[in-house]
Structure formats: C-alpha cells, structure tokens
Amino acid sequence: MKDIEKLLEIMAALRDPQTGCPWDLEQDFSTIAPYTLEEAYEVADAIARDDMPALRDELGDLLFQVVFYARMAEELGHFDFADIAAGINNKMRRRHPHVFGDDFERAAGAQHGSWERIKAEERAADSDDSVLAGIAKALPALKRAQKLGKRAANVGFDWRDRRGVREKIQEELDELEDAVGSREAAQIDEEFGDLLFAIVNMARHLDVDPEKALTAANFKFEARFREMERALTAARRRFKDETLESLDKEWRAAKRRLLERF
C-alpha cells in the first residue's frame with residue numbers, strides 16, 4: 001500500500017493550488033474523461049499485442065486516472081480514493097455470495113445466476129427502474145448495442161433463433177437500399193444504424209463478441225494491406241497507377257503469402 005499512498009501524495013501535490021502543476025489544476029471530470037477512454041484502449045492494445053511490460057505501464061496510467069478523479073471529488077467534498085476502494089470491495093463481496101457468503105449462499109448456485117440476480121436487484125433499487133437502466137451511454141456503440149440487446153433478451157424480447165435475426169438483417173438491408181435511392185442523408189444514417197444494430201444481435205445469437213470480432217478483422221485487413229503495400233513498393237509500383245483489377249490481384253496474393261507465413 002505504500003506505493004498507492006505515494007501515488008495519492010503525488011496527485012495531491014499536482015493539484016496543490018499554490019505549488020501544483022498548472023495543467024493538472026485546470027482539469028475537471030469532463031476534460032479528463034477522454035484521456036481515461038484513451039488509456040483503457042491502450043490497456044486493451046497491450047493485451048492484444050501480448051506485451052506485458054507495456055501492459056504494466058498502461059495499467060499504471062489507467063490507475064492514475066482513477067486517482068485523478070478521486071482527488072477532484074475529494075476537493076469537492078464528494079468522496080475520496082478510500083471510498084472508491086471500499087465501494088468496489090463491498091460490491092464484489094455482495095455480487096459473489098457463492099465465494100464470500102455463508103455456507104448456504106456458497107452452496108446455493110452457480111456464479112452466473114447469482115451475479116445476474118443481484119445486479120437485477122441493484123437496478124430495481126435505483127430510481128430508474130427500466131430493464132435498460134445502467135447501460136452507460138459513453139460505451140463504444142458496438143458494445144452498447146450488445147448490452148441493450150442482451151438486456152432486452154433477458155425479459156423475452158428477442159428473436160427465437162438466428163433465422164429471425166437473419167431475416168431482420170435482410171429487411172434492414174432492403175430499407176437501406178431504399179434510403180440510398182431517396183438520397184436523404186438522415187434516412188441513410190438511420191437505416192445504416194439499424195443494420196448495424198441487427199448485425200450486433202446476430203453476433204449475440206452466435207455468442208460472438210462483436211467488438212472483439214471487428215478488432216480482429218481490423219488487424220487482419222491492416223496486415224494484408226501492409227503486405228500489399230510492401231510488394232508494390234518493392235516492385236516500384238504506385239497505387240494511383242494501378243487498376244482495381246490489378247489491386248485485387250495483389251490483395252489476393254498478399255493474403256496467400258500471409259497464410260503461408262503464419
């Protein structure tokens with residue numbers, strides 16, 4: 001805990017009105033929030049690269065964000081770092097009766113059932129009693145769509161099987177085509193969003209994490225495109241001089257080389 005205490009002291013010094021850092025003193029919750037999202041993504045990136053030294057550093061940066069929020073809240077008289085730690089300690093113990101409860105609670109059932117039941121009870125105690133309460137609006141859109149669909153499905157609002165979702169995707173594709181024909185930008189945006197939402201629900205029915213799947217697709221596209229760039233550069237060819245057909249040929253060749261390499 002000594003290092004945590006040192007970190008809290010560093011944060012207090014940075015926010016000292018007399019001798020602190022001007023930049024740190026200018027910040028508030030809203031200005032720090034974008035940095036928090038950035039740090040969380042950098043943590044995920046280090047994990048994706050299996051870079052443990054980088055992960056250690058990025059987790060430190062993310063922890064510093066929590067300390068920053070705690071200090072600002074303490075200055076305003078709302079809560080401090082100890083309150084944050086106590087709150088999450090209590091929540092984890094409350095949500096894991098199969099681990100921390102009495103003998104009866106530990107034997108009562110599986111973790112998933114306990115977790116979902118206790119979270120539902122917590123939502124019921126909130127002023128917002130909607131089934132969708134507590135799904136953060138600042139989540140990445142794919143992740144939020146996944147959570148919205150799952151929460152609705154938990155109360156029976158769902159397709160019976162993948163066929164129903166597939167039909168919905170086709171319906172949304174048709175509506176998007178109609179919108180494109182109308183050339184109404186707002187309608188095109190709306191229908192494209194509906195299509196994405198339906199695709200996320202297909203991912204849920206397939207037990208696929210859409211964020212993870214799209215991240216993998218991004219990495220795959222980037223690797224293939226970079227391989228194609230390398231080949232064109234080695235042959236002293238330029239993209240702007242190539243036809244779509246020749247680029248497609250290079251793309252397929254890059255794909256084959258990568259498959260052979262890995």
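The values are calculated or read from the model by the stated rules, or taken from the named source; none is laboratory data. From a predicted model like this one, the values you see are computed outputs, not experimental measurements. FYI the Cβ positions are ideal-geometry reconstructions off the backbone, even for glycines, and counts take in every protein chain you see.
Ala33 meets the stated requirement of being within 27 Å of Thr215 (Cα to Cα), surrounded by fewer than 16 Cβ atoms within 10 Å (Cβ to Cβ), touching a residue at least 40 places away in the same chain (Cβ under 8 Å) and under 20 Å from the mean Cα position of the chain (by Cα).
Of everything listed in (1) closer than 29 Å to Gly134 by Cβ; (2) assigned to a loop (DSSP other than H, G, I, E, B), the single unmet condition for Arg237 is (1).
Taking first residues from the range 64-91 that are part of a helix (DSSP H, G or I) and partners that are among the hydroxyl-bearing types (Ser, Thr, Tyr), the Cβ contacts under 7 Å between residues at least 6 apart in sequence or on separate chains come to Gln65/Tyr35; Gln65/Thr36.
Lys249 falls short on exactly one of the conditions (1) outside the structural domain of Gln146 (by TED's automatic domain parsing); (2) within 33 Å of the chain's Cα centre (by Cα), and that condition is (2). What residue, among those in the range 36-90 that are of a type in the set (S, T, N, Q) and under 21 Å from Ala138 (Cα atoms), is nearest to the chain's Cα centre (by Cα)? Only one residue tops the list, namely Thr36. The C-beta contact set for the range 238-251 (first residue within 19 Å of Phe221 (Cα to Cα), second residue among the small types (Gly, Ala, Ser) and part of a helix (DSSP H, G or I), distance under 7 angstrom, 6+ apart or interchain) comprises Glu250/Ala231.
If I filter the range 200-207 for residues that are among the basic types (Lys, Arg) and touching a residue at least 60 places away in the same chain (Cβ under 8 Å), do I get at least one hit? The answer is no, given that none of the residues of the range 200-207 is among the basic types (Lys, Arg) and touching a residue at least 60 places away in the same chain (Cβ under 8 Å).
Every condition in (1) part of a helix (DSSP H, G or I); (2) surrounded by fewer than 14 Cβ atoms within 10 Å (Cβ to Cβ); (3) more than 25 Å from the chain's Cα centre (by Cα) is met by Leu232 except one, and the failing one is (2). Any chance the range 209-228 includes a residue that's among the hydroxyl-bearing types (Ser, Thr, Tyr), under 24 Å from the mean Cα position of the chain (by Cα) and surrounded by 12 or more Cβ atoms within 10 Å (Cβ to Cβ)? The answer is yes; a qualifying residue exists.
Can you name the residue in the range 69-87 that is touching a helix residue (DSSP H, G or I) at 6+ places or on another chain (Cβ under 6 Å) and of a type in the set (D, E, K, R) and, of all such residues, is farthest from Pro34 (Cα to Cα)? Only one residue fits best here, namely Asp80. What about Val131, is it more than 30 Å from Arg49 (Cα to Cα) and either outside any helix (DSSP H, G or I) or at pLDDT below 85 (or both)? Judged against the criteria, Val131 is a match.
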